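A short worksheet on the structure shown next.
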Amino acid sequence: MTTVADIPSLYTTTGPVPPEFDLPDQVLINTWLLDGRLEPWTGEMQTVTSPIHVDTGSGPAPRVIGACPMLDEAAALAAVDAASRAWDHGRGLWPTMRVDERIRCVEEFAHRMADKRDEIVRLMMWEICKTLPDARAEFDRTVEYIHDTVDALKDLDRASSRFVIEKGIYAQIRRAPLGPVLCMGPFNYPLNETFTTLIPALIMGNPVIVKPPRMGKLLYGPLAQAFLEAFPPGVVNVAYGDRRILGPIMKSGKIGVLAFIGSSKAADALRLQHPHPHRLRCILGLDAKNAAIVMESADMNLTVQELLAGSLSFNGQRCTAIKIVFVHQSRAKELVERLGAAMAALPLGMPWDEGAKITPLPEPGKTAYLTGIIADAVALGASVTNPDGGDTVMSLFRPALIHPVAEAARLFHEEQFGPVVPVVPFSDMEEPIQAIINSGYGQQMSIFGSDPEKVAELVDPMVNQVCRVNLNSQCQRGPDTFPFTGRKDSAEGTLSVTDALRCFSIRTLVAAKGTPGNKALLSDILRERRSSFLSTDFLL
Ligand code: G3H
């Protein structure tokens, strides 16, 4: 096994952190955003540690980087009350505000958030070990998502600013908000994935309770001030804590939409706590184990390059990562050799190290879990084929290529969410097809091949198993204007810039028979701008 001494540059125990990326002090968050104020918190606190180990004098240990509130039930219910008051049965300031005014608040927020880029990127590097380029990309992609959402809403509003006349009935059809939203993103995209539900939820007029992820929460400290300054009271509430606060929030029955990115098991448990589950709309991004099928006709250069990025970007900690590779047996040896060599060349390091691709894993117990599923696959006939694959130094795990993985192995079925790539050879295409059919997941898959007839033959059964089939490319969510969803245990609802606006709203219309009296009534309301809903004003 590799030891710290063998790779001395990996840990800050042996090297200083560049000052621009260091955290000079611990980050102490001792307030939480409630009802338009930063409410002091004097109760239980959560110590936040980094996956990065530092020399503590008595040996390396995870660096303590801060602390933040661990709210209790009473605080959680206070957040529900604040969001409910802002909603006020749909009569609150926010849900009735004109679209252009809501857009102004969101733009104001985006402007204030942009000032926090360096701070947020630094916190992401320390708390979840996302590399500097990836953390910056996550931030920039999120800001772009906000601007794209504003543009999409303007389009939607323009389309609904005219009356529809059908069978003598005049109607104005718009999308209206649904009520308080509980918004929870995952640790691997603590900013972006939370914001791809938070921003559309807000801009459509719903007040929100954000529960930051269990890791990647410190960045909500700088964001809280920006939320406070940009939105009216109660519209954004930030509830730090663990699952103990979620039960009371759901049981209150006051949540209209659950926007959750995480495991299907947790999503089911949350949904069932709502006293009227049919009143709860769920927008869920859940488990996935995207497969790649490498055909006989695959271009191996391109395949290796895409598999490397697809399975190991951010250490394989992406819901869209390729988590199992099926390869035609005639190409298996070549694939295993070349992918293994490419994996061995991936630089390990700290998030700020130039070129670092593999960084420490933030989930407690993760390296032990990965070691366990590798041992299980090995006991069932597989080997670790790349040199030093699976070696562990504290929270750092050298990527491992495992081949041939048996169907009985855990790695064949479990979502490893880490730097382990299982490879399964096949002789008949029906084998990977059956594996995908029998899998509980249904997000995406990739096909690598250049024979049009064979590729097309595989596309047709696959589009009814997953929701995106990638040809000669890794699986991915982006561009964010594309629909992102899944079947089976992988998702509920569809997210994209435009789809998300629909998810967080419901169509409502005002209709009237076209009698002279009704026409005069409608004309007066429109001319005198008496209503926000009934309006033909055009957003530019
Ligand atoms: O973890 C799931 C993310 O939505 C994946 O997004 O494919 O752009 O990395 P990505």
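The values are calculated or read from the model by the stated rules, or taken from the named source; none is laboratory data. Note that the structure is a prediction, hence the values are computed from the model and not measured. Here the Cβ positions follow ideal geometry from the backbone for every residue, glycine too, while neighbour counts run over all protein chains shown. Heads up: the accessible areas ignore ligands, DNA and RNA and are worked out on the full protein's heavy atoms, side chains in. Shrake-Rupley method; radii C 1.70, N 1.55, O 1.52, S 1.80 Å.
Numbers at a glance
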| item | result |
| --- | --- |
| The chain - share of DSSP beta bridges that are antiparallel (%, nearest 5) | 45 percent |
| Karplus-derived HN-Hα couplings along the stretch 506-517 (A = 6.51, B = -1.76, C = 1.60, θ = phi - 60°), whole Hz, x at Gly and Pro | 9, 6, 10, 9, 10, 10, 8, 5, x, 7, x, x |
| Potential lengthening between residue 408 and residue 55 on full extension [0.36 nm per residue; Cα-Cα distance subtracted] | 122.9 nm |
| Anisotropy class of the stretch 217-301 from Cα gyration tensor, a/c 1.5 cut | oblate |
| Rounded to whole Hz, the Karplus (6.51, -1.76, 1.60) HN-Hα couplings of the stretch 400-410, x for glycine and proline | 10, 9, 10, 7, x, 8, 7, 4, 6, 6, 4 |
| Per-residue HN-Hα couplings for the stretch 72-84 [Karplus 6.51, -1.76, 1.60; θ = phi - 60°; Hz; x = Gly/Pro] | 10, 4, 4, 5, 4, 5, 5, 5, 4, 4, 5, 5, 5 |
| Nearest 10 degrees, 0 to 90: helix 452-462 Cα axis against the chain principal axis | 60 degrees |
| Where 109, 163 fall by accessible area, highest first, once all protein chains stay in place (1.4 Å) | 163, 109 |
| Calculated log₁₀ intensity ratio I(q)/I(0) where the Debye formula runs over C-alpha points of the stretch 9-285, q = 0.07, 0.13 Å⁻¹ | -0.27, -0.87 |
| Percent carbon-and-sulfur accessible area, the stretch 185-235, ignoring ligands, DNA and RNA, probe 1.4 Å | 56 percent |
| Probe 1.4 Å, all protein chains present, accessible-area order of 458, 348, largest first | 348, 458 |
| Carbon + sulfur, % of accessible area of the stretch 297-380 - ligands and nucleic acids excluded, 1.4 Å | 55 percent |
| Solvent exposure of the chain as accessible area per residue, Å², 1.4 Å probe | 41 Å² |
| Amide H partners (placed H, <5 Å) of residue 491, local residues excluded | 286, 486 |
| 271, 318, 214, ranked by accessible area, largest first (probe 1.4 Å) | 214, 271, 318 |
| P(r) weight above 29 Å for the chain, C-alpha pairs, percent | 56 percent |
| Length released on extending from residue 329 to residue 111, taking residue separation times 0.36 nm less the Cα-Cα span | 73.1 nm |
| Assigned charges on the beta-carbon of Lys, Arg, Asp, Glu; the stretch 9-285 dipole about Cα centre (debye) | 1160 debye |
| Value of relative contact order over the stretch 9-285, rounded to a whole percent, pairs C-alpha under 8 Å and six or more apart | 24 percent |
| Residue 344-residue 428 FRET efficiency (beta carbon distance; Förster radius 30 Å; 0.05 resolution) | 0.45 |
| Distance in nm between pseudo-label sites at residue 437 and residue 73 (7 Å out along the Cβ direction from Cα) | 4.9 nm |
| Residue 533/residue 276 FRET efficiency (R0 22 Å; Cβ-Cβ; nearest 0.05) | 0.25 |
